[in-house]
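*Asks:* Supplied in structure tokens, the structure appears directly below.
All of the numbers you see were taken from the coordinates with simple rules; none came from a lab. Every value quoted in this text rests on a predicted model; they were computed, and no experiment measured them. Neighbour counts run over all protein chains shown; Cβ positions are idealised from the backbone, glycine included.
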Amino acid sequence: MKPEKFWDSMANKFDKTEKRLEKIFIKVLKNTKKYLNVSDVVLDYGCGTGLICNEIAGNVKKIYAIDISSKMLDMAKRKAIERNIENVDFAQADIFDTKYQKESFNVILAFGILHLLEDNKQVIQRISELLKPEGLFISSTPCLAEKMALSTKFQFYPYLLLYKIGLIPSMERFKISELYDLINTGKFQIVETEIIYNKITGYFNVAKKI
């Protein structure tokens with residue numbers, strides 16, 4: 001199944017799924033806001049249903065929120081309209097879209113997406129290219145090859161099976177060292193890292209372009 005079709009199929013139940021991880025969401029949001037300024041232009045890569053971008057809109061100048069799923073974007077737009085948010089530009093696009101110019105952004109966000117990419121090294125290099133000097137790359141990523149709670153393993157195995165038979169998109173099983181190596185391919189310096197979810201060793205990272 002193509003990734004965009006898979007995520008379209010997940011759109012209606014995505015927020016309910018994320019609701020189970022509300023504590024992680026609150027932590028990610030709090031950590032992210034520490035690094036934002038009212039003058040920032042932000043790219044939210046893989047914005048999904050707008051859970052993050054609509055929450056931080058009041059903390060920055062402008063957000064470009066992109067996703068490959070049109071149905072996810074429709075939900076994100078509705079939320080923005082309901083809250084009278086006017087500084088978020090939603091677009092069905094990927095990060096390689098040529099309309100996004102080099103050194104255009106102060107901050108790029110990538111939450112829960114790096115482990116789902118087949119071309120993650122090229123993506124990291126593109127993120128570096130799009131960031132202004134000393135711009136920040138803020139991400140959260142599950143490291144599925146690290147220690148995992150037994151209860152979580154049983155929940156995860158069905159997804160692994162679905163991936164192997166091609167019913168869900170690519171899923172990288174990172175070790176934390178591999179995640180750091182990936183980020184460093186973009187010539188970044190990691191300035192903060194924190195485990196935000198022990199059950200699957202999820203990491204929140206902030207990296208500065210050098």
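*Asks:* Taking only the Cα atoms of the stretch 16-100, how large is their convex hull per residue, in Å³?
*Replies:* With only Cα atoms used, the stretch 16-100 gives 97 Å³ per residue.
*Asks:* Something else about it: GluC sites (Glu not before Pro) within the stretch 55-124: which are DSSP loop residues with at most 16 other Cβ atoms inside 10 Å?
*Replies:* Listed in order of number, the matching sites are GLU86, GLU103, GLU118.
*Asks:* On to the next question. Beyond a 32 Å Cα-Cα separation, which of these cross-linked pairs lie in this structure: LYS27/LYS61; LYS2/LYS61; LYS61/LYS209; LYS77/LYS208; LYS79/LYS187? Working shown, then result.
*Replies:* Numbers: LYS27/LYS61 22 Å; LYS2/LYS61 34 Å; LYS61/LYS209 20 Å; LYS77/LYS208 30 Å; LYS79/LYS187 35 Å.
Listed pairs above 32 Å: LYS2/LYS61; LYS79/LYS187.
*Asks:* Something else: Compute the length gained on full extension between GLU178 and ALA145: take 0.36 nm times their separation in residues and subtract their Cα-Cα distance, giving the result in nm to one decimal.
*Replies:* 10.9 nm is the gain from fully extending GLU178 to ALA145.
*Asks:* If you don't mind, there's one more thing I want to ask. Would you list which aspartates and glutamates come within 13 Å of LYS5, measuring only between C-alpha atoms, while excluding same-chain residues fewer than 8 positions from it?
*Replies:* Here the aspartates and glutamates satisfying the reach criterion relative to LYS5 are ASP67.
*Asks:* Next question, about the same structure. Which aspartates and glutamates, on any chain, are close to LYS121 with Cα under 13 Å apart, when same-chain ones fewer than 8 places away are left out?
*Replies:* Cα-Cα hits under 13 Å: GLU129, GLU172, GLU178, ASP181.
*Asks:* In nm, give the distance between the simple-model label positions of GLN189 and GLN92, each being 7 Å from the Cα along the Cα-to-Cβ direction.
*Replies:* Roughly 4.2 nm, to one decimal.
*Asks:* Taking LYS34 as the anchor, which aspartates and glutamates have their alpha carbon closer than 18 Å to its alpha carbon, excluding any fewer than eight residues away along the same chain?
*Replies:* Those aspartates and glutamates meeting the cut-off are ASP44, GLU55, GLU134, GLU192, GLU194.
*Asks:* For THR141, THR185, what's the fewest-to-most ordering of other Cβ within 10 Å of each Cβ?
*Replies:* Result, fewest neighbours first: THR185, THR141.
*Asks:* Place a label point 7 angstrom from the Cα of ASN84 along the Cα-to-Cβ direction, then list the residues of the stretch 28-63 whose backbone nitrogen is under 18 Å away.
*Replies:* Correct set: 54-60.
*Asks:* What is the order of TYR197, TYR64, fewest Cβ neighbours within 10 Å to most?
*Replies:* With the sparsest Cβ surroundings first, the list reads TYR197, TYR64.
*Asks:* Further question: How large is the dipole of the stretch 63-130 about the Cα centre if only Lys and Arg carry +1 and Asp and Glu carry -1, each at its Cβ, rounded to the nearest 20 debye?
*Replies:* Details: 9 positive and 11 negative charges, 33 e Å.
Taking the Cα centre of the stretch 63-130 as origin, the dipole is about 160 debye.
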